[in-house]
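Shown next, in structure tokens, is the structure this report addresses.
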Amino acid sequence: MTIKNENPKNIDTALDCAVRDFNKMSGGYLINDIVYCNYMTNQDWNVFYQNIDESHKKQFEDGAGGELKEGNYPPKMASFGSSSRLIYELSHNIEGFSFEEKLDTRVGGIAHLDGCLKRGMTYVYIEAKMREIYGGSHETESIKAAYLDVYRWIRECCPKAFNFSSKKDNTKDGYSKVTFTINNKPVKFFDLKQLICHFLGITYDIAKHHITGIKVKFLYLLYNPMKIEITSPYKTKILDRYNDVKTFIEDNTGVFNLIFQAILSYQIEKHHLNKSDIQFEMQLVDQTNYNEALI
């Protein structure tokens with residue numbers, strides 16, 4: 001039997017194990033004769049899984065992430081660094097909350113949002129991030145070429161705040177390589193490509209139903225690692241990356257608001273929809289103030 005990740009060798013796995021220890025849980029999911037120390041034990045996962053409400057279980061099963069499935073690896077949500085588990089634990093007791101919201105972008109496919117709560121004339125959408133920000137850079141993205149028209153539209157609407165450069169992706173037919181800049185600075189560790197996709201899905205869903213006069217809140221739920229004990233030499237790397245992403249979002253909330261309104265105008269113009277008057281707010285939250293911001 002092989003034991004993996006007992007001594008973390010990268011920053012995202014180090015975060016997993018730090019969260020495990022902070023919550024005083026045992027790790028060690030056994031599958032295919034391999035024990036994964038950065039995942040819940042099989043017994044703990046079975047208890048966790050059985051306690052998931054059937055309606056929520058179906059939402060995750062119908063989603064694109066395969067969060068509950070065991071395959072060659074443990075279920076994704078069994079990871080201590082799982083963003084789907086983060087949002088589930090914070091949201092599953094909230095009446096009317098839905099997970100794995102799927103919205104048609106009308107450009108390149110489906111936008112997959114981690115959560116959604118609609119109450120009266122306020123629609124709240126959530127994107128959750130935990131270990132994802134500690135992976136590779138987003139400075140150059142491979143995108144479907146159909147999105148280039150959207151990016152040009154945003155640039156025309158927000159010429160001082162948003163820009164991009166592109167070239168053909170020779171590794172994929174119909175794709176381009178794109179580099180984004182916000183206020184003339186390259187976007188490195190924030191997934192702007194995904195955010196634009198989410199905004200496309202939200203705006204089209206609202207505009208196609210001719211909904212107007214509503215408030216849209218977009219909560220960016222970013223796990224805060226400041227109070228957990230992290231194994232050296234990864235502590236500095238994790239905290240630096242977290243602060244980089246946190247500062248980037250906080251500094252550019254106004255730009256994201258402009259991008260949302262630009263995308264709304266794009267969807268209305270391109271698909272000949274009625275004008276929708278939407279009040280938009282994007283807010284960065286973490287596990288300590290998420291519920292307060294949500295309701």
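The values are calculated or read from the model by the stated rules, or taken from the named source; none is laboratory data. All values reported here derive from a predicted model rather than from experimental measurement. All Cβ positions, glycine included, derive from the backbone under ideal geometry; neighbour counts span all protein chains shown. Heads up: the accessible areas ignore ligands, DNA and RNA and are worked out on the full protein's heavy atoms, side chains in. Shrake-Rupley method; radii C 1.70, N 1.55, O 1.52, S 1.80 Å.
For segment 31-59, a residue qualifies if it is more than 23 Å from the chain's Cα centre (by Cα) and open to solvent by 40 Å² or more (accessible area, probe 1.4 Å), and the qualifying residues are 32, 33, 34, 42, 43, 44, 46, 47, 50, 51, 54. Mind listing whichever residues of segment 191-214 are more than 11 Å from residue 104 (Cα to Cα), at pLDDT 95 or above and not polar (S, T, N, Q)? Those that are more than 11 Å from residue 104 (Cα to Cα), at pLDDT 95 or above and not polar (S, T, N, Q): 191, 192, 193, 195, 196. Within segment 180-216, the set of residues being touching a strand residue (DSSP E or B) at 6+ places or on another chain (Cβ under 8 Å), free of Cβ contacts under 8 Å to residues at least 40 places away in the same chain and open to solvent by 40 Å² or more (accessible area, probe 1.4 Å) comprises 184 only. The set of residues in segment 14-40 being in contact with a Gly (Cβ under 8 Å, 6 or more places away or on another chain) and not aromatic (Phe, Trp, Tyr) consists of 15, 16, 17, 19, 20, 35, 37, 38, 40. Search segment 89-105 for residues being of a type in the set (Ser, Thr, Tyr) and surrounded by fewer than 23 Cβ atoms within 10 Å (Cβ to Cβ), and hand back the single one that is farthest from residue 48 (Cα to Cα). Restricting to residues being of a type in the set (Ser, Thr, Tyr) and surrounded by fewer than 23 Cβ atoms within 10 Å (Cβ to Cβ), the top hit is 98. Return the residue satisfying two criteria in turn: it lies in segment 106-125 and is closer than 15 Å to residue 215 by Cβ and not in a loop (DSSP other than H, G, I, E, B), and of such residues it is most open to solvent (accessible area, probe 1.4 Å). The qualifying residue most open to solvent (accessible area, probe 1.4 Å) is 119.
Scan segment 60-72 for residues that are exposed (fewer than 15 other Cβ atoms within 10 Å of the Cβ), touching a residue at least 24 places away in the same chain (Cβ under 8 Å) and not aliphatic (A, V, I, L, M) and the total you get is 2. Checked against the criterion of being open to solvent by 20 Å² or more (accessible area, probe 1.4 Å) and touching a His at 6+ places or on another chain (Cβ under 8 Å), segment 7-17 has no qualifying residue. Give me the residue from segment 183-216 that is assigned to a helix (DSSP H, G or I) and basic (Lys, Arg) and, out of that set, farthest from residue 103 (Cα to Cα). The qualifying residue farthest from residue 103 (Cα to Cα) is 193.
Out of segment 134-182, which residues are at pLDDT below 95, in contact with a Phe, Trp or Tyr (Cβ under 7 Å, 6 or more places away or on another chain) and part of a helix (DSSP H, G or I)? Of everything in segment 134-182, just one residue is at pLDDT below 95, in contact with a Phe, Trp or Tyr (Cβ under 7 Å, 6 or more places away or on another chain) and part of a helix (DSSP H, G or I), namely 145. Looking across segment 164-179, the residues that are free of Cβ contacts under 8 Å to residues at least 24 places away in the same chain and open to solvent by 70 Å² or more (accessible area, probe 1.4 Å) come down to 167, 168, 170, 173.
Where helices (runs of 4 or more DSSP H) fall entirely within segment 217-295, those with at least 2 residues that are in contact with a Pro (Cβ under 7 Å, 6 or more places away or on another chain) and surrounded by 14 or more Cβ atoms within 10 Å (Cβ to Cβ) are at 234-251.
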